[in-house]
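Structure first, then comments.
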Amino acid sequence: MKIEMEDIDDYTICDSVSSLVEGCRLPVHMSGTDDWPLAELVSIKDVGIGGHRVYYVHYVDFNKRLDEWVGEESLDTRKVHFPRRDGGSNTAAASGVSTPKKIHIGAGGPISRPSSPVQQPTELINGSAVLAAALQKRMNRKRKGPSLESEDSQDAPLSQQPSPGPRQSGSMVAHHDDVVTRMKNVEMIELGRHRIKPWYFAPYPQEMIGLQCIYICEFCLKYRKSRKCLERHLAKCNLRHPPDGRKNKSYAQNLCLLAKLFLDHKTLYYDTDPFLFYVMTVFDNRGFHIVGYFSKEKESTEDYNVACILTMPPYQRKGYGKLLIEFSYELSKFEGKTGSPEKPLSDLGLLSYRSYWSHTILEILTSLTPVGENEKPQITINEMCELTSIKKEDVISTLQNLNLINYYKGQYIITLNKEILGNHMAAMEKRLIRIDSKCLHWTPKDWGKRAKW
């Protein structure tokens, strides 16, 4: 067997944690658990005196919101996967198997979860931190080709890649991976009465990074360095509810920036004009407090009725997500269209949509009545789409996920069993808040014609 000298030069002995580099994969103790899942070293830094090191790790089979900094005591160096220069990885026992020596920092093995872009905001626009217009124009010139979107590895099998389009889709666009943007950069935010720990990177200005907490006005969504600065702002801020987006464009920009802390699969898009933003709030004597939102393209070539959707963490698991989804489909009904959320969906977004689709379709099926005395109820897939405004592909996938479709005597039939019906009825009893379409007074606009005018 021929051995290349270059291969020999590229390897060395791994004898301690000092040999670890960014891109290595090894078992790591996950905080708050007894588990040691496989994790990737995203970043390594020295802290304090004496060369003490900490490691920012991503747990390979878990969502990025669980990423964290750990110490050396949390690393199991008995089995390490070292990154190769060709993008692969080598498995090496720390007791003596050779490992790569020439390594590009941060360019290790296959990236398990893409995150947001390299660029950071370079200026303030209307008091809002967004990507500067000049920077965005340069980015747009580079992105004249098809849109490229990616998703966390655990979500990818459950989602579809969007079809290439003439421009980036959604109020947040796809991006390339970067070590810096794979790491959470905001420690804490205070939004009204809630203190929330962010899940992902968001491109807040550099002067905000490293603070113990970023203080955000819950009405205009502008951010401040301290509570005292926020109090001065609140004394001047006249908003007590989401503003008119045509007159206050910085609100939509600040909303996208805030949402990025909890959405990883897309990143900020500078131009918010092509989108409509629907903000859900709860009301008390202090004003209207943001619960969540969804954005929607004014004109979607892919028939997306939602671009980005988010329920703020303090309001999750309370039914608000389904309420937002239900409202988006009520708008589609007014438009006389079927719609679908922009892909890819986050893991939590996918769960919410699958739950909504299941409840909505089962609600239709259980309301059917037989056409004759000895005949069973009948309905077609197209009729389900017309009644719900759910796109055909989503209706079919939901029926398949519920195992409702069966092939019998040359035709497909839908079979409902007692267990499915029982679970459906129990779930519907918990959905106390619903959208009443009779209270929705809204006329769809033809944005294509408006653009021509």
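The values are calculated or read from the model by the stated rules, or taken from the named source; none is laboratory data. Here the structure is a predicted model, which is why all the values come from computation and not from measurement. Glycine also receives a Cβ, built like all others from the backbone with ideal geometry; neighbour counts cover every protein chain displayed. We work out accessible area using only protein heavy atoms, side chains counted, and drop any ligands, DNA or RNA first. Shrake-Rupley method; radii C 1.70, N 1.55, O 1.52, S 1.80 Å.
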Whole-Hz ³J(HN,Hα) from phi, Karplus 6.51 cos²θ - 1.76 cosθ + 1.60, for segment 218-225, glycine and proline x
6, 9, 9, 6, 6, 10, 9, 6
Please list Tyr356, Tyr407 in order of solvent-accessible area, largest first, computed with a 1.4 Å probe with all protein chains present.
Tyr407, Tyr356
Write down the radius of gyration of segment 385-448 and its Dmax, each obtained from C-alpha positions, in Å.
16.8, 48
Where a ≥ b ≥ c are root eigenvalues of the Cα gyration tensor, a/c under 1.5 meaning rounded, otherwise prolate if a/b exceeds b/c and oblate otherwise, segment 295-453 counts as prolate
In the full protein assembly as shown, how much of Ser226 is accessible to a 1.4 Å probe, in Å² to the nearest 10?
40 Å²
Using protein chains only and a probe of 1.4 angstrom, how many square angstrom of Leu348 are accessible, to the nearest 10?
60 Å²
Each label point is 7 Å from the Cα along the Cα-to-Cβ direction; what then is the distance between the points at His52 and Leu432, in nm?
4.9 nm
Ignoring ligands and nucleic acids, Trp69 exposes an accessible area, probe 1.4 Å, in Å² to the nearest 10, of 100 Å²
Based on C-alpha coordinates, I'd like the Rg and Dmax of segment 247-360, in Å.
13.8, 42
Charge dipole (segment 241-323, unit charges on Cβ, about Cα centre) - positive-most of Tyr315, Asn248, Phe277:
Tyr315
Of the listed pairs Lys236/Lys438; Lys222/Lys391; Lys64/Lys222; Lys45/Lys197; Lys228/Lys430, those with alpha carbons more than 32 Å apart are Lys236/Lys438; Lys222/Lys391; Lys228/Lys430
So how do Leu261, Leu387 rank on accessible area, 1.4 Å probe, biggest first, that is with the largest at the start?
Leu387, Leu261
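For Thr443, Thr366, Thr360, give me the order by solvent-accessible area with a 1.4 Å probe, most accessible first, ignoring ligands, DNA and RNA. Don't jump to the answer; show the numbers that get you there.
On the way: Thr443 110, Thr366 60, Thr360 20 Å².
Descending accessible area places them as Thr443, Thr366, Thr360.
Return the carbon/sulfur percentage of the accessible area of segment 339-444, one whole number, probe 1.4 Å, all protein chains in place.
On the way: 3580 of 6810 Å².
Carbon with sulfur: 53 percent of the solvent-accessible area.
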